[in-house]
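Structure first, commentary second.
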Amino acid sequence: MLTVDQLTDLLRANPVFSSLDEAARSLLVKGAVKRELRKGERLVMQGDIWPYLFLVAEGKLDAVKVSGEGRNLLVTTFGAGELFWGLAFFQDEAPLLATLEAHLPSRVYLWHRLFIEPVFIEHGQMAWDLCGLMIQRMQRASAIVEELAFQPVAGRLARLLLDDFESTGDVTIARHLTLDDMAARVGTTREMVCRALYRFADKKLIDITRTEFALTDKDGLRQVAEGS
């Protein structure tokens with residue numbers, strides 16, 4: 001469990017809060033609302049009016065968008081030290097565009113807009129740094145939209161597999177994601193994921209067992225990821 005000193009250090013290390021003096025940081029520590037989340041527990045639902053800024057202290061939170069047909073799209077994941085907000089933090093009555101749920105057991109700290117807005121107004125550098133973070137989020141969103149719009153499902157799935165292989169540094173990876181999980185990460189259905197995986201296997205790009213994927217042709221899989 002984070003102590004007051006550890007939360008203070010977390011704020012001091014965050015680019016948005018780093019310019020604050022000790023008195024302002026102490027005020028934020030005292031005003032923070034702590035939430036402990038189990039894996040899969042939701043912090044807030046898509047469509048809710050949620051005027052909060054939040055900081056992930058431990059664990060990971062997924063932002064999951066649900067379509068009218070009930071399909072899920074994993075938009076992004078926020079890890080320890082990352083900051084985000086509900087739309088209603090800036091725009092009155094604006095509904096949240098995605099559900100926020102714990103990818104792992106997680107701890108987050110929240111600040112309501114009415115509490116923290118005076119701190120932003122008083123500390124211009126903090127507000128400027130938040131604007132910079134907003135630009136980064138816009139760039140991330142643009143890359144996601146571009147990938148979904150212009151890269152076929154097979155390419156997005158190949159990229160997901162390559163990222164997993166590269167993160168483990170091995171030619172085999174455990175099947176830690178379900179078909180639904182993979183579909184949410186590449187913006188498609190579990191049926192499309194299943195067909196693409198077995199197409200990769202037919203082309204000898206990967207081997208599939210009940211418990212793992214084995215990489216057999218990295219260059220070939222990369223060509224699919226790059227659309228060539």
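Structural remarks
- Every residue from the stretch 200-228 that is loosely packed, with under 14 Cβ neighbours inside 10 Å and not in a strand (DSSP E or B): 202, 203, 204, 209, 210, 211, 219, 226, 227, 228
- The residue pairs whose first member lies in the stretch 178-206 and is assigned by TED's automatic domain parsing to the domain that holds residue 218 and aromatic (Phe, Trp, Tyr), whose second member is surrounded by fewer than 15 Cβ atoms within 10 Å (Cβ to Cβ) and assigned to a strand (DSSP E or B), and whose beta carbons are closer than 9 Å, counting only pairs six or more residues apart or on different chains, are 198/208; 200/208.
- Criterion: small (Gly, Ala, Ser) and without any contact (Cβ under 8 Å) to a residue 40 or more places away in the chain - qualifying residue of 158, 127: 127
- Residue selected from the stretch 41-86 under the condition within 13 Å of the chain's Cα centre (by Cα) and acidic (Asp, Glu), by the criterion farthest from residue 129 (Cα to Cα): 62
- Filter pass, residue 152 being surrounded by 12 or more Cβ atoms within 10 Å (Cβ to Cβ) and within 28 Å of residue 38 (Cα to Cα): no
- Among the residues listed as 174, 143, the single one being exposed (fewer than 13 other Cβ atoms within 10 Å of the Cβ), farther than 17 Å from residue 213 by Cβ and out of contact with any Lys or Arg (no Cβ under 6 Å at 6 or more places or on another chain): 143
Here is a yes/no grid of residues against (1) farther than 24 Å from residue 98 by Cβ; (2) loosely packed, with under 12 Cβ neighbours inside 10 Å; (3) polar (S, T, N, Q):
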| site | (1), (2), (3) |
| --- | --- |
| 5 | yes, yes, no |
| 20 | yes, no, no |
| 25 | yes, no, no |
| 32 | no, no, no |
| 47 | no, no, no |
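The values are calculated or read from the model by the stated rules, or taken from the named source; none is laboratory data. Just so it is clear, the structure is predicted and the values come from calculations on it, not from any experiment. Note that each Cβ is placed from the backbone with ideal geometry, even for glycine, and that neighbours are counted across all protein chains shown.
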